[in-house]
1. Name the single residue, out of those in the stretch 209-251 being among the charged types (D, E, K, R), within 30 Å of His279 (Cβ to Cβ) and without any contact (Cβ under 8 Å) to a residue 12 or more places away in the chain, that is surrounded by the fewest Cβ atoms within 10 Å (Cβ to Cβ).
2. Could you figure out which of (1) touching a Pro at 6+ places or on another chain (Cβ under 8 Å); (2) in the same structural domain as Glu21 (by TED's automatic domain parsing) isn't true of Gly114?
3. Taking the conditions exactly as written (among the β-branched types (Val, Ile, Thr) and either under 30 Å from Ile357 (Cβ atoms) or free of Cβ contacts under 8 Å to residues at least 24 places away in the same chain (or both)), does Ile272 satisfy them or not?
4. Which members of the stretch 96-140 meet the condition of being surrounded by fewer than 16 Cβ atoms within 10 Å (Cβ to Cβ), at pLDDT 90 or above and not in a loop (DSSP other than H, G, I, E, B)?
5. Can you name the number of the only condition in (1) outside any loop (DSSP other than H, G, I, E, B); (2) over 26 Å from Gly288 (Cβ atoms); (3) at pLDDT 90 or above that Val244 fails?
6. Quick one: which strands (runs of 3 or more DSSP E) lie wholly within the stretch 1-94 and hold at least 1 residues that are of a type in the set (Val, Ile, Thr) and closer than 27 Å to Gln356 by Cβ?
7. Tell me which residues, restricted to the stretch 247-268, are within 15 Å of Thr297 (Cβ to Cβ) and at pLDDT below 90.
8. Do you know which residues across the stretch 141-178 are at positive phi and either surrounded by 17 or more Cβ atoms within 10 Å (Cβ to Cβ) or touching a strand residue (DSSP E or B) at 6+ places or on another chain (Cβ under 8 Å) (or both)?
Amino acid sequence: MRAVSDRFLAALGGPKAIATEITCTPPGGDPVPLLWDPEQDSGSISMGAGSRVRYTASLSVASVVGGDTFDVISTPGAVFRIRQGIAFSPDDIEWVDLFAGETAKPEVGVFDGGIRLSLVDQWQRLDACRFMEPYAPISGVRGGRIASAVGDAIPGTTIVVHDGGGIMPGGGLWDKDRTKFITDVATDGDLDVGFDAAGAFIVQTAPTIDPLSVAWSLTTGRSGVIIDASRGRDLSRLYNAVVVMPTEEGQTWTAQTVELADTSHPLHRSKIGRRPFYHSSPTIMTAGAAISTARGTLRRLLGVRETRTYEALSNPALEYGDTVTIDHPATDTDPGLTGAEMVVGWRHDMRTWEMQIDTRTDDQPAMEES
């Protein structure tokens, strides 16, 4: 969770005065403020781990009177920043960063001057800044190689490497796609990468549920923050085998397969059929390492994960991977919700300060075939 005070957290459950700041900064220019009227304007910010674009925002705000707002917001490379805070007094506002990124298609109403923006974090720029020639990095720490690729595309970006992810061998070759290189190196190093709400690029160990480090508690009842909740299980993507395949000429090993052997497991092939998950790796150099990766991947895939969505009063300081605790007593139709869960997404309404929070009851990251 982003750093906030205890008084900030205590104020989330009751009436509060909200302050909002939205700016647009053209390359080499000064920040231009965009007006925000909480009575008329609307805006929402979403965070999600399902794609590499982690933060998105949608805004409908008024133009700045007396200026060519469209010219400013449509400047290529302009960076939008959004933050909100709780105003404990006119001179005492505790701010929280909510978004930093760019827009692909800005719009301004010709008659009313209203600004309509769909924003995405700077993974969009990273994806667009492809390699000018095939990229063949030398051996080195994975986190360092990722940081170099990000810094080369977006100079001046704050890059924080919390975990290097071990050494990757040299000899791999990536054609054009810079983000493919970043995700390949991160996946094989069990790293989580992406931009945060302030626009910094973070390289870290894939987060886990930690009941000893709880970011926030969601409770029901008169003093609670939960308004409503739902739970579900995804049965559409079930796997019981992993096939790891080489992709480069320098990888002399052949495809390695690990299957679930426990016949009593509900996902064993005798119950649901053989369902392989394929992982293509350009950075694994031995068959033994490929088998190890296959085993670790299968372990992550075997859980039938439960996902939960909470309608709650907003805590916009929450980040992907935060551990939260839930306390909802049993009812006539539900056994209740308790325990520690991982935050994997949220949608924050800038006007109402209500939020949908998506959590997962296990800490194994959602995986895509490669």
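The values are calculated or read from the model by the stated rules, or taken from the named source; none is laboratory data. All figures in this text were calculated on a predicted structure; none of them were measured in a lab. Methodologically, a virtual Cβ is constructed for each residue, glycine included, from the backbone with ideal geometry; neighbour enumeration extends over all protein chains shown.
1. So the residue we want is Glu249.
2. (1)
3. So Ile272 does not fit the description; no.
4. If the condition is that a residue be surrounded by fewer than 16 Cβ atoms within 10 Å (Cβ to Cβ), at pLDDT 90 or above and not in a loop (DSSP other than H, G, I, E, B), then Ser118, Ala128, Gly140 are the ones that fit.
5. Looking at each condition in turn, Val244 falls short on (2).
6. In the stretch 1-94, 18-25, 42-48, 55-61, 79-89 are the strands (runs of 3 or more DSSP E) which contain 1 or more residues that are of a type in the set (Val, Ile, Thr) and closer than 27 Å to Gln356 by Cβ.
7. Within the stretch 247-268, just Leu267 meets the criteria.
8. Gly165, Gly166
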